[in-house]
Amino acid sequence: MPPSRREFLGVVAGATAAGALGSRALAQTPLTPTPACGADAATPAQTEGPYFKPSSPERLSLLEPEMRGRRLVVTGVVRGTDCKPVPRALLDFWHADAGGRYDNAGYRLRGHQFTDAEGRYRLETILPGVYPGRARHIHVKAQAPNRPPLTTQLYFPGEAGNARDGIFDPALLVALADAADVATARFDFVLSR
Ligand code: FE
C-alpha cells in the first residue's frame, strides 16, 4: 500500500465512528439542503479562532506536493440576502493539516480567492484533520464591497465531533459527496448588507 493511501486510512480512522468520511456508503448520502438566501438567511458568523493569519496568498488550490490527506474540493456561490450572486467577493480559507496542525510560520493550507462574475468559488485542498476539542472544520473570511465582513467556519456532516463541539452550527454544514479519489463539498454563503 503506498504511503498516501495508508495515511488516508489513518486520517479517516478518527472519523470511523462517525462513518461519513470513512465509508464508501457516503456516495449514497443525500446532500443536505443548501441554505436559501433571504433576509434571515445570512450565513452565521463564528469566531476566527487563534490561527488566522492575514495576507494569505491568492490561489485556488492549497495542494502542495507530498501533502498528506484526502483530497477535497469545495465549491459554491456567494449571494446576498437578496439572493443575487456576489461577484469578486474575497474568500480567505485556512485550516489544519491532516494531522490537525496549523501552519503558523508560513502559509501552508491558507489561501484566498475571489468569486467569479456569477459569484462562484472553487477551492481545492485536503480534508482538514481534527484536533482536540474541535469538530473537523474549515475557517473562512468572506468580504465584499459595501458589506460587513463575515468570519465563519464550515463543518462536515456525519462527524461524531460535531455534537461534542460547543460552537458547531448545523447551518454551517457542507453538502458532502464522495468519489474514489476526491471528496466534494458544497456550501453557498449568504452575505448580509
Ligand atoms: Fe480551527
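What follows is calculated from the coordinates using simple rules that are stated; it is not laboratory data. Keep in mind that what you see is a predicted model, and the values were worked out from it rather than measured. Because the Cβ atoms are built from the backbone with ideal geometry, glycine has one as well, and the counts that use them run over all protein chains shown.
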Taking Cα atoms of segment 9-191, Rg/Rh with Kirkwood Rh, to two decimals? 0.94
Which of LYS84, LYS141, LYS53 has the fewest other C-beta atoms within 10 Å, and how do the rest follow up to the most? LYS84, LYS53, LYS141
Relative contact order of segment 9-191, defined on C-alpha pairs under 8 angstrom at six or more residues apart (%): 30
What residues qualify as long-range amide H neighbours of ASP188, i.e. H under 5 Å apart, gap of 5 or more or another chain, H built at 1.01 Å from N? VAL77
Contour excess over end-to-end distance, with Cα ends at ALA180 and ALA105 and 0.36 nm allotted per residue: 23.7 nm
Hz values of 3J(HN,Hα) by residue in segment 64-80 - Karplus curve (6.51, -1.76, 1.60), Gly and Pro given as x: 9, x, 6, 6, 6, x, 6, 5, 9, 10, 10, 10, x, 10, 9, 10, x
